[in-house]
1. Kindly indicate whether A:Lys95 is under 23 Å from A:Leu279 (Cβ atoms), in contact with a Gly (Cβ under 9 Å, 6 or more places away or on another chain) and surrounded by fewer than 24 Cβ atoms within 10 Å (Cβ to Cβ).
2. Are there any pairs, at least 6 apart or on different chains, whose C-beta atoms fall under 7 Å, with the first in the stretch A:97-116 and more than 14 Å from B:Leu69 (Cα to Cα) and the second among the aromatic types (Phe, Trp, Tyr), and if so, which?
3. Search the stretch A:38-48 for residues being farther than 21 Å from A:Glu19 by Cα and without any contact (Cβ under 8 Å) to a residue 24 or more places away in the chain, and hand back the single one that is nearest to the other protein chains (Cβ to nearest Cβ).
4. Under the condition of being hydroxyl-bearing (Ser, Thr, Tyr) and in a strand (DSSP E or B), which residue from the stretch A:230-287 is surrounded by the most Cβ atoms within 10 Å (Cβ to Cβ)?
5. Could you check the stretch A:225-240 and list, in sequence order, the residues that are within 9 Å of the chain's Cα centre (by Cα) and over 18 Å from A:Gly204 (Cα atoms)?
6. How about the stretch A:54-83: which of its residues are part of a helix (DSSP H, G or I) and over 18 Å from A:Ile230 (Cα atoms)?
7. What about A:Ala221, is it aliphatic (A, V, I, L, M), in contact with a helix residue (DSSP H, G or I) (Cβ under 9 Å, 6 or more places away or on another chain) and either crowded, with 22+ Cβ neighbours inside 10 Å or on the phi < 0 side of the Ramachandran plot (or both)?
Amino acid sequence: MKTLKICILRIEGTNCELETSLAFKRLGASAEIVHLKQLIGAVKEQERRNLMDYDVLVIPGGFSSGDYVRAGAILAARIKGTLGEEIADFIDTGKPVLGICNGFQVLVEMGLLPGFVPDEKPGMQQVALTTNDSARFECRPTLIKHECKGKCMFTRGIEKGSILKMPCAHAEGKFFIAERKREEYIQWLEENDQIVFRYVDPEGNYAPYPWNPNGSIYNIAGICNPEGNILGLMPHPERAFYAFLDSEWSRMARGRRKEKGEEKEDIYGGGEKIFESALKSILKKGL
Amino acid sequence: MTIEIDVTIKLKHGVTDPEGENTKKTLNLLGFRDVRSVKTAKTFRIEIEQEKGDEEKVMQEVEEMCRKLLANPVIHNYDIKMVK
């Protein structure tokens, strides 16, 4: 089997790169944390990397460039200015791109998500991730329901309607669409099967705060692009990779999973399936 | 010659401003009962090196800066003002 190469982008202020790389390594892929400068060639020859050599690009969470101007704005402008064409080629080949938390903000700022173009120029921003309604940094576990019918490469291994528990940690995560376009865009997202995760309460109802930590419109927690190869989500799947990362793990009933015909205790948490599905989708597609 | 330009980024009408709301609430609590609303804005003071008489070009450049980085068209309006 081919070893897939994962590129985890790093600049000043990103976080959880190590968790993300360990998650992919655990699943048998080869993950590398790459600084943006290595991709644009502003380093010594032996440290240079080429984006096209990788199979998956991950933009991790954190506070890139100190969240100055707006969360994700500076990193988005830097990527657009220096790596724009490479990223466009990378996406055109159908390779998956994952944006977690701050990475989601970057993808939205770059105009890659939601990525449809009903009436505006391509590459223009259509939605925004803005300050939480609570005006606070919300850092705690959230429940998100999988809504995608199978378009998104990262969630094909997750049953539609299942509820996953993942921690969120952000101050600017409110999914926002301008009022006059709201209905039209939501309808567009629904028809295109682009809404991947929505915040819910334990019964699976679309509930307001505190279940929806930031006041997102339509309880949206994560969306993909029309082609399904770019996923952005606010909660951190890498922080829920193992079941024991859950704060309630010692009190929880243990899940079971079949591995090589043998039923064992499921050591993985809700976030693992996202990484696994991405790797499986690539191998299936033969990219 | 350098000129100074103030770029003020404000939230569009209809976008909630939680920071402003909270500030208003606190001001009310502190006894400033006449405060009806507080809105937050962000100002960038930008110094630009330019040749004399090229002000129009500079203004266009600042517009572009707003579009490319400083403002988010979905939620922000911006004001550009020359200081000196």
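The values are calculated or read from the model by the stated rules, or taken from the named source; none is laboratory data. Nothing here was measured: the structure is a model prediction, and the numbers come from that model. Note that each Cβ is placed from the backbone with ideal geometry, even for glycine, and that neighbours are counted across all protein chains shown.
1. no
2. A:Leu98/A:Phe154; A:Asn102/A:Phe63; A:Phe116/A:Trp188
3. A:Ala42
4. For the stretch A:230-287, the residue satisfying everything is A:Tyr268.
5. First pass over the stretch A:225-240, keeping only residues within 9 Å of the chain's Cα centre (by Cα): A:230-237.
Answer for the stretch A:225-240, where residues must be within 9 Å of the chain's Cα centre (by Cα) and over 18 Å from A:Gly204 (Cα atoms): A:Ile230, A:Leu231, A:Gly232, A:Leu233, A:Met234, A:His236, A:Pro237.
6. Hits for the stretch A:54-83 are A:Ser64, A:Ser65, A:Gly66, A:Asp67, A:Ala73, A:Ile74, A:Ala77, A:Arg78, A:Gly81, A:Thr82.
7. Details: aliphatic (A, V, I, L, M): yes; in contact with a helix residue (DSSP H, G or I) (Cβ under 9 Å, 6 or more places away or on another chain): no; either crowded, with 22+ Cβ neighbours inside 10 Å or on the phi < 0 side of the Ramachandran plot (or both): yes.
No; evaluated as a whole, the condition is false for this residue.
Here's the yes/no breakdown for (1) outside any loop (DSSP other than H, G, I, E, B); (2) more than 14 Å from A:Pro213 (Cα to Cα); (3) at pLDDT 95 or above:
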site	(1), (2), (3)
A:Ala135	no, no, no
A:Ile144	yes, no, yes
A:Gly150	no, yes, no
A:Met153	no, yes, no
A:Gly157	no, yes, no
A:Lys160	no, yes, no
